[in-house]
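Undergrad: Pasting a structure below so you can have a look.
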Amino acid sequence: MRIKVLFDKDEPDKKLHIGWGLSILVEEDILFDTGENGHWLMENIKNLKVDINKIKTVVISHDHWDHTGGLEELLKKREGLTVYGCPNFSLEFKEKVKKLKGELIEAKKVTEISKDVFITGEIEGEYKGQYMPEQALVIKTKNGITLLTGCAHPGILKILKVVKKIFPKENFYLVMGGFHLIESDKRIIEFIVTEFEKIGVKKVGPTHCSGKKAEEIFKEKYKENFIPIKIGTIIEV
């Protein structure tokens with residue numbers, strides 16, 4: 001199965017728009033998050049030669065501007081898309097999706113949204129002292145599980161444990177996305193890297209809110225199994 005990065009903070013081509021947040025395409029029909037800006041996302045989609053008409057489903061990890069920013073433009077161009085959110089996303093988010101004629105599905109628990117592609121359902125997190133619901137996307141292949149995270153507000157280790165409980169017999173092949181370690185000190189990051197190794201995560205691709213320090217520590221530990229994430233990156237999982 002193939003994943004392709006459509007929006008992130010780094011890019012190898014000056015024609016592409018960078019920004020905060022992320023957006024990742026799974027195969028040709030599932031979009032995980034939409035970055036901070038709809039016009040930028042649409043231009044990246046065009047320049048990366050992605051067929052927008054093949055996108056059928058959008059998964060929003062959590063209700064923050066840098067993950068929902070491109071959703072309005074996308075729904076204007078692809079009316080009727082299925083949008084997976086969490087039950088405790090804001091009323092404003094839900095009303096916007098419905099107004100733009102998206103089909104909103106609020107996932108309380110693990111749901112298979114396509115063959116071997118799952119969402120975890122709502123996981124309890126916290127942001128600035130407030131409850132922050134978040135979900136992650138899971139791809140199951142012969143190599144094991146690939147896990148995509150938006151910001152990991154519940155804690156990246158908590159998300160890993162939730163996924164392991166859902167799929168106890170599966171190994172982690174790749175964990176990729178925002179790990180929310182940008183403000184964490186070195187000792188905490190090193191502990192998390194050690195836990196990744198104990199859990200058996202084979203490859204990592206920290207980006208977005210993971211922070212430069214975390215990316216460097218993961219790279220040092222994982223060496224050739226560290227995947228640098230940039231717009232346009234294609235990974236076969």
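Bear in mind that the values in this text are calculations on the coordinates, not laboratory data. The structure displayed is predicted, hence computed values, not measured ones. Backbone-built Cβ (ideal geometry, glycine too); neighbour counts: all protein chains shown.
Undergrad: Residue by residue through region 182-220, note down the ones that are under 23 Å from His64 (Cα atoms) and buried (at least 19 other Cβ atoms within 10 Å of the Cβ).
TA: Result: Gly205, Pro206, Thr207, His208, Cys209, Ser210, Gly211, Ala214, Glu215.
Residues checked against (1) of a type outside the set (A, V, I, L, M, F, W, C); (2) under 20 Å from Lys158 (Cβ atoms):
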residue	(1), (2)
Thr207	yes, yes
Ser210	yes, yes
Ala214	no, yes
Asn225	yes, no
Lys230	yes, no
Glu236	yes, no
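Undergrad: Does Gly125 count as touching a Pro at 6+ places or on another chain (Cβ under 9 Å) and not basic (Lys, Arg)?
TA: yes
Undergrad: Any idea which of Asp33, Asp13 is surrounded by fewer than 23 Cβ atoms within 10 Å (Cβ to Cβ), in contact (Cβ under 8 Å) with a residue 60 or more places away in the chain and in contact with a helix residue (DSSP H, G or I) (Cβ under 8 Å, 6 or more places away or on another chain)?
TA: Working: Asp33 fails: surrounded by fewer than 23 Cβ atoms within 10 Å (Cβ to Cβ).
So the residue among Asp33, Asp13 that is surrounded by fewer than 23 Cβ atoms within 10 Å (Cβ to Cβ), in contact (Cβ under 8 Å) with a residue 60 or more places away in the chain and in contact with a helix residue (DSSP H, G or I) (Cβ under 8 Å, 6 or more places away or on another chain) is Asp13.
Undergrad: How many of the residues in region 162-190 are without any contact (Cβ under 8 Å) to a residue 24 or more places away in the chain and in a helix (DSSP H, G or I)?
TA: Matching residues across region 162-190 total 3.
Undergrad: So Pro87 passes all but one of these: (1) more than 24 Å from Leu157 (Cβ to Cβ); (2) touching a Lys or Arg at 6+ places or on another chain (Cβ under 8 Å); (3) outside any helix (DSSP H, G or I); (4) not charged (D, E, K, R). Which condition number does it fail?
TA: (1)
Undergrad: So Ser90 ticks every box in (1) under 21 Å from Ile123 (Cα atoms); (2) surrounded by 14 or more Cβ atoms within 10 Å (Cβ to Cβ); (3) among the small types (Gly, Ala, Ser) but one. Which box is left unticked?
TA: (2)
Undergrad: Checking the condition surrounded by 16 or more Cβ atoms within 10 Å (Cβ to Cβ) and over 20 Å from Thr207 (Cβ atoms), which residue from Met42, Met1 passes?
TA: Met42
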